[in-house]
1. Which residue, of K82, K61, K100, is open to solvent by 10 Å² or more (accessible area, probe 1.4 Å), modelled with pLDDT of 95 or more and part of a helix (DSSP H, G or I)?
2. Suppose we keep only residues that are open to solvent by 30 Å² or more (accessible area, probe 1.4 Å) and part of a loop (DSSP other than H, G, I, E, B) within region 46-58. Which one would you say is nearest to N10 (Cα to Cα)?
3. From the list P44, P69, exactly one residue is touching a helix residue (DSSP H, G or I) at 6+ places or on another chain (Cβ under 7 Å) and modelled with pLDDT under 95. Which is it?
4. List, please: which pairs have Cβ atoms under 8 Å, are six or more places apart or on different chains, and start with a residue in region 124-138 that is without any contact (Cβ under 8 Å) to a residue 24 or more places away in the chain and end with one that is in a strand (DSSP E or B) and surrounded by 13 or more Cβ atoms within 10 Å (Cβ to Cβ)?
5. Note down all Cβ pairs under 6 Å where the first residue falls in region 104-116 and is closer than 13 Å to S70 by Cβ and in contact (Cβ under 8 Å) with a residue 60 or more places away in the chain, the second is outside any strand (DSSP E or B) and open to solvent by less than 100 Å² (accessible area, probe 1.4 Å), and they're at least six residues apart or on different chains.
6. Taking into account only those residues within region 11-45 that are assigned to a loop (DSSP other than H, G, I, E, B) and free of Cβ contacts under 8 Å to residues at least 12 places away in the same chain, which is farthest from S130 (Cα to Cα)?
7. Any residue in region 3-12 that is β-branched (V, I, T), open to solvent by less than 20 Å² (accessible area, probe 1.4 Å), in contact with a Ser or Thr (Cβ under 7 Å, 6 or more places away or on another chain) and under 19 Å from N103 (Cα atoms)?
8. Could you list, in sequence order, all residues of region 23-50 that are under 17 Å from T92 (Cβ atoms) and of a type in the set (A, V, I, L, M, F, W, C)?
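The values are calculated or read from the model by the stated rules, or taken from the named source; none is laboratory data. Note that this is a predicted model, so its numbers are computed, not measured. Positions of Cβ are backbone-derived with ideal geometry, glycine not excepted, and every protein chain shown enters the neighbour counts. Please note that ligands, DNA and RNA were not included when accessible areas were found on the heavy atoms of the full protein model with its side chains. Shrake-Rupley method; radii C 1.70, N 1.55, O 1.52, S 1.80 Å.
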Amino acid sequence: YIYSFTNYINWPDTYKEGDFEILVLGDSPIIKELNAMAGAKKTPDNRTIIISKINTPAEIKKCNVIFVPSAKSKLLTEVIGKVGNQSILIITEEDGMGAKGSNINFIIKDGKLAFELNQGSMTKQNLKASTELSRLAIQI
């Protein structure tokens, strides 16, 4: 899903240069999956995908995506503060995190993986979700 979002999110031009970097906060099994995906694919605009693990929100730097696993959800407020209005897509995976300011939040709905889209935080960070993505998302 995270890779698929690269097709449906529009970043400002200054975030379309160089490598496409995804930061993961803390240890998460998703790092292995993201590294496998990054080795096999490029972004739609042919950029190399780089996966980096960070240990604290203080380590957040200019990137395209930051993934906050459920084990680090308590740090979301700090992550949002560090990101500010930078055009960094914040993705979380715990109930309630979308309402607390992440851009995209994975949830389980009716036994299936779904995602919430917070248009307010997307606008604040100058990110635009395509109509297709908006239609698939649970809007919050």
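1. Details: K61 fails: part of a helix (DSSP H, G or I); K100 fails: part of a helix (DSSP H, G or I).
Within the list K82, K61, K100, the selection yields K82.
2. Among those residues, the one meeting the criterion is N46.
3. Values: P69 fails: modelled with pLDDT under 95.
Within the list P44, P69, the selection yields P44.
4. S134/L117; L136/F115
5. Close Cβ pairs (under 6 Å, with a partner that is outside any strand (DSSP E or B) and open to solvent by less than 100 Å² (accessible area, probe 1.4 Å)) amount to F106/E93.
6. Applying the first criterion (assigned to a loop (DSSP other than H, G, I, E, B)) to region 11-45 yields 11-12, 16-19, 26-29, 41, 43-45.
Right, trim to free of Cβ contacts under 8 Å to residues at least 12 places away in the same chain and you get 17, 29.
Values: E17: 20, P29: 28 Å.
Step by step, filter region 11-45, then rank; the result is P29.
7. Residues of region 3-12 that are β-branched (V, I, T), as a first pass: 6, 9.
If we keep only those that are open to solvent by less than 20 Å² (accessible area, probe 1.4 Å) as well, we get 6, 9.
So of that shortlist, the ones also in contact with a Ser or Thr (Cβ under 7 Å, 6 or more places away or on another chain) come out as 6.
Add one more test, that the residue is under 19 Å from N103 (Cα atoms), and what stays is 6.
Yes, region 3-12 contains a residue that is β-branched (V, I, T), open to solvent by less than 20 Å² (accessible area, probe 1.4 Å), in contact with a Ser or Thr (Cβ under 7 Å, 6 or more places away or on another chain) and under 19 Å from N103 (Cα atoms).
8. If we filter region 23-50 for residues that are under 17 Å from T92 (Cβ atoms), which is where we start, we get 23-31, 33-34.
Correct list: L23, V24, L25, I30, I31, L34.
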